[in-house]
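Below is one structure, written out as structure tokens; the observations come after it.
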Amino acid sequence: MANTLTPVSPPSKLLRVFSSPSVNQEVLKNIREEVQVEGEVDVVTELIDLFFEDTLKQLQGIKAAINNSATDALRANAHALKGSCQNLGVLPMGEIAASLEKKCSGWRDRKCYRTFHRIRK
């Protein structure tokens with residue numbers, strides 16, 4: 001008889017994070033309405049470009065911090081990533097970054113690394 005694995009349901013919080021839209025369009029709309037100056041370069045496009053640049057740096061900092069067991073650097077990068085995501089409406093990634101920041105407060109290596117890999121996806 002072949003061994004079969006019983007599927008395990010992911011926690012409800014994970015389901016909520018991954019089933020929600022990647023970007024809350026309402027946040028982008030509000031930014032555009034509050035900050036955009038007529039005739040100027042689209043402020044949301046510029047913010048998104050900066051977000052991608054900063055996110056890459058923050059993810060690299062998180063990975064380096066995990067590899068070096070540098071808890072303060074890890075928390076600082078996760079916190080910065082969380083804030084960037086929340087400011088731009090990238091809520092699922094922001095929730096994962098918040099989870100990383102919280103889980104790594106007591107430094108549980110494996111949980112930090114698994115959470116980091118969820119962000120990278």
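No other residue among Glu33, Glu38 is acidic (Asp, Glu), assigned to a loop (DSSP other than H, G, I, E, B) and exposed (fewer than 10 other Cβ atoms within 10 Å of the Cβ) apart from Glu38. Condition check for Ser99 on (1) at pLDDT 80 or above; (2) among the hydroxyl-bearing types (Ser, Thr, Tyr); (3) in contact with a Phe, Trp or Tyr (Cβ under 9 Å, 6 or more places away or on another chain): one failure, at (3).
Only one of the listed residues (Leu74, Leu59) is of a type outside the set (Val, Ile, Thr), modelled with pLDDT under 90 and not in a loop (DSSP other than H, G, I, E, B). That residue is Leu74. Kindly indicate whether Gln86 is surrounded by 17 or more Cβ atoms within 10 Å (Cβ to Cβ) and part of a helix (DSSP H, G or I). The answer is yes for Gln86.
The values are calculated or read from the model by the stated rules, or taken from the named source; none is laboratory data. Just so you know, these numbers come straight off a predicted model, no measurement behind them. Cβ sites come from the backbone with ideal geometry, for glycine too, and all protein chains shown count toward neighbours.
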